[in-house]
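Reading through the C-alpha cells given below for one structure.
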Amino acid sequence: MTAPEPLAATSASPPPAPQRTKPRESASTWPLVDRIGLSLCWAAGIALCLVMGGILAYMAVRGVQYLRPSLFFESPTPEQDQSKSGGFLDPLLGTVLITAVGTLIAFPIGVATAVWLNEYRRPWGLARAVESGVEVVAGTPSVVLAIFGLIIFQQSYFGFLSLTAEGDAVLGRSFFTAGAMMALIALPLIVGSTRAGLQQIPDHVREASYSVGKTKAATIRRVLLPSCRPAIATGTVLGMGRIIGDTAIVVILLGASLQLQSVGDVPGLSTLKGSGSTLTSYVFNNSPAGEGQSPEKAYAAAFVLLLVVVALNYAVNRITSREAPQWIR
Amino acid sequence: MPPPIKRIVVDREPRVVDPPPPGPGGNGTATPGVLAHSPTLRRRHSSAVAAVERMAMRELSIAYGEKVAVNSVSLPVRQGEVLALIGPSGCGKTTLLRSLNRLTELTPTARRWGQITLDGEDVDRVEVTHLRRRVSMVFQQPNPFPMSVFDNVAYALREQGARKPKRPALAPAVQDALERAGLHSEVADDLDRQALRLSGGQQQRLCIARSLAANPDVLLLDEPCSALDPISTEVIEQLIVRLREQVAIVIVTHNLQQAYRVADHVAFMYLGDLVEYGPVEQIFHRPAAKRTKDYVGGAFG
C-alpha cells in the first residue's frame with residue numbers, strides 16, 4: 001500500500017501525528033490485579049514456547065546424531081549388539097499401516113455420525129445418547145480401549161481378524177484389531193470437526209437448495225459436505241496425529257513383535273491380520289524406560305516421530321487457512 | 001444569519017400522501033406530492049401481458065406453537081405482475097412467503113391451516129420437491145453454493161444429487177437462465193470461477209438465475225436487496241420488473257420505496273393480519289385502512 005498523497009494546500013506543513021498512548025503507559029495505569037494477570041498471560045505463552053522449543057531442540061540434537069539413512073531401510077532384529085540390531089523400517093511401516101486402517105474406519109463413521117447428529121437428530125433421545133457416547137469415547141484413556149478391544153477381539157467369532165492358535169484360541173492382536181480401536185480415538189475428533197463445519201453453514205443455504213427442489217440427501221451430498229471439506233480434513237488429520245502418537249493400543253493390541261509378521265497367505269490381508277510394531281512401541285521398547293537396549297535408536301525413532309507429528313500439524317494449519325465458504329448469516 | 005435549525009417533532013401526526021391525479025394507470029415517472037421530491041421513481045410500466053392468477057391463498061393461517069404468525073389471509077398471486085408484501089417486522093410476511101413453497105414445514109412447531117393452490121391444485125397434493133421447483137425462493141442473504149458459477153445454475157437442472165448431465169448438454173439452459181437474470185454478460189468469460197468470489201449483487205443475481213433455471217411458475221423473493229448496495233439494488237429491481245411477465249413474483253420487503261418502485265399489487269400485513277390488499281396506487285395514495293395510512297404515511301411523510 002502506498003501512502004495517500006498529501007493535499008496540495010497542506011503539503012508544506014504535514015499535520016501533526018495524532019497523539020496515541022503507548023501500550024506500556026496504558027498498562028501502567030491499570031489496576032494491579034490486571035497487570036499481574038497480563039504478566040501471567042505473557043509468562044504462560046512464553047513458557048509454553050520454551051518447553052516446546054526445548055523438546056524440539058533436545059530431540060533434534062539427540063535424534064539427528066544417531067540418525068542414519070540405513071535406519072530407514074533395515075528391519076529391526078533382536079540382537080544385543082547394537083551394530084547388528086538393524087533399523088526401524090518395520091515400525092515405520094507399522095505406523096503407516098495402523099494409521100491407514102484406523103483412519104479408513106474412523107473417517108466414514110465419523111462423518112456419517114456428524115451429519116446425522118447435525119442434520120437429522122431424530123429421535124432426540126438417540127441423538128443425545130450418541131453425543132454423550134462420542135464424548136465418553138473421547139474421554140476414555142486409550143489403554144482402557146485397548147483392554148476392551150482385546151476382550152472383544154479374542155472372541156472366537158472375530159477369529160478371522162487375527163491369528164488363531166492351536167485349539168481355537170484367538171490371539172486378538174493384529175493390525176485389524178489395533179486399527180479398529182485406533183479408529184475410536186480418532187472418531188471424536190472427526191465428529192467434532194465435521195459438526196463444527198456443518199454448524200458454520202447458515203440455514204438459508206440449506207433452504208436455498210430445498211427451494212430449487214432438492215431433497216435433504218442431495219443437499220447434504222452436493223452442498224453441505226463440499227462446504228465443510230476443510231473442517232472434515234482438519235478433523236481427519238488431527239485424528240491421524242492421535243493414532244500415530246498412541247502407544248497403549250499398540251503394545252496391547254498389536255503384539256510386541258519387532259518385525260511385521262504375516263498370518264495366512266493372502267498378500268496384503270495377511271499383513272493386516274498379522275502383528276508388528278510402530279514407531280511409538282519401538283521407542284518404548286528401546287528407550288531406557290522400556291527394555292533399554294538401544295537408547296540411540298530410540299532417540300532417532302522419536303525424532304522421526306516428532307517430525308511426522310509436526311508435519312501433520314503443519315498440514316492442519318494449511319487446511320484451516322484454506323478458505324471455507326463464507327456466507328452472511 | 002445562523003443556519004436554520006432542523007426541528008424534529010416527536011409524535012407528529014403521520015402525513016398522508018396526496019392522491020395522484022386521475023390518469024391512465026398512473027404510471028408516470030414523476031408523482032406529485034411528497035414522492036416528487038423523493039428519489040422514488042416508478043420502474044413499472046403497464047405490463048404487456050394480462051395478469052393470470054397462478055397461486056391463491058384461502059384463509060391461510062400459520063402458527064408456531066401457540067403463536068399465530070399468519071391469521072386467515074386470502075391473497076391471489078398473479079403472473080404478469082409483482083405482489084409486494086409489506087408490514088412491520090414480525091408481521092408474518094416472511095412466514096407467509098415461506099409457506100407458499102412449504103418451507104414452513106421444516107420448522108417442527110409450525111402448523112398451517114387453510115388452502116394454498118398452485119394453478120388450482122392444492123400444494124399439499126404436489127410432491128414437495130416438484131412444488132419447490134415450480135415455486136422457487138430467493139433469500140435475504142446471497143447464498144450461492146461453494147461451486148462454480150456454471151454448477152450453481154446447473155444445480156437446479158440436475159437430478160437430485162447427480163453430477164450429470166454433463167456440461168455441454170446443460171450449457172444452453174444455463175446461459176438462458178444467466179441471461180434472464182441479467183448476469184450473463186458479466187460472467188460469460190469465465191463460468192468456472194467460484195460463485196462465492198462474485199460481488200454481493202452478482203451473487204444475488206446468480207441466486208435468481210439458479211432459481212430461474214428450473215423454470216419456476218412463481219418466484220418468491222424474501223427481502224432480496226436488504227444485504228446489497230443501492231446500485232445492485234437498482235439492477236435487481238429492474239430485473240424483477242422485467243421478469244414479472246415470465247413468472248409470477250412475490251416480494252417481501254421492508255423498504256416501502258422499493259415496494260412502490262417494483263410492485264403492481266401490495267398487501268399490507270400487521271401482526272399476522274392482512275390489513276389491506278390492492279393496487280400499489282391505492283395502498284400508497286388512497287389507503288382505506290387507518291393502519292395502512294399510518295404505516296405508509298410514516299414512511300413517506
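The values are calculated or read from the model by the stated rules, or taken from the named source; none is laboratory data. A quick note: this is a predicted structure, and the numbers were derived from the prediction, not measured. For neighbour counting, all protein chains shown are included, and Cβ atoms are generated from backbone atoms with ideal geometry for every residue, glycine included. To get the accessible areas, we keep the full protein, side chains included, count just its heavy atoms, and leave off ligands, DNA and RNA. Shrake-Rupley method; radii C 1.70, N 1.55, O 1.52, S 1.80 Å.
Worth pointing out:
- Relative contact order (%) - criterion: Cα under 8 Å, at least six apart; region: chain A: 22 percent
- Derived scalar couplings ³J(HN,Hα) [the stretch B:204-219; Karplus, 6.51 cos²θ - 1.76 cosθ + 1.60; whole Hz; x for Gly, Pro]: 5, 5, 5, 5, 5, 4, 4, 5, 5, 4, 7, 6, x, 8, 10, 10
- When A:Val250, A:Val237 are compared by accessible surface with a 1.4 Å probe, the order from highest to lowest is A:Val237, A:Val250.
- When the residues B:Glu59, B:Glu245, B:Glu105 are ordered by accessible surface, computed with a 1.4 Å probe over the protein chains alone, the sequence from largest down reads B:Glu59, B:Glu105, B:Glu245.
- Modelled FRET efficiency - R0 25 Å, A:Glu135 with A:Ala112, Cβ distances, 0.05 increments: 0.90
- Summing Lys and Arg as +1 and Asp and Glu as -1 over all other residues whose Cβ lies under 15 Å from the Cβ of B:Arg125 gives a net charge of -1.
- Here A:Val191 sits with roughly 10 square angstrom of accessible surface, probe radius 1.4 Å.
- For a paramagnetic label modelled on B:Glu179 (point 7 Å from Cα along Cα→Cβ), amide N atoms under 18 Å away belong, within the stretch B:230-263, to B:239-240, B:242-247.
- Net charge of Cβ neighbours under 12 Å - reference B:Ala56; Lys, Arg +1; Asp, Glu -1: -2
- Scattering from the stretch A:21-89 was approximated by placing one identical point on each alpha carbon and applying the Debye formula without solvent; log10 I(q)/I(0) at 0.17 1/Å stands at -0.78.
- Stretching the chain fully between A:Val310 and A:Arg221 yields a gain of 28.8 nm (0.36 nm per residue, less the alpha carbon separation).
- Using R0 = 56 Å, the C-beta based FRET efficiency linking A:Ala60 and B:Ala50 works out to 0.10.
- Surface listing: A:Trp116, A:Trp42, B:Trp113 arranged by accessible area from highest to lowest gives A:Trp42, B:Trp113, A:Trp116, probe 1.4 Å.
- Helices of chain A meeting both criteria, an alpha-carbon length of 18 angstrom or more along the long axis and an average Kyte-Doolittle score not below 1.0, with helices taken as full DSSP H segments, are A:32-66, A:89-115, A:175-199, A:295-321.
- From phi via Karplus (6.51, -1.76, 1.60), per-residue ³J(HN,Hα) for the stretch B:220-227 in Hz, x at Gly/Pro: 9, 10, 9, 6, x, 10, 5, 9
- Solvent-accessible surface (1.4 Å probe) assigned to A:Met59 amounts to roughly 30 Å².
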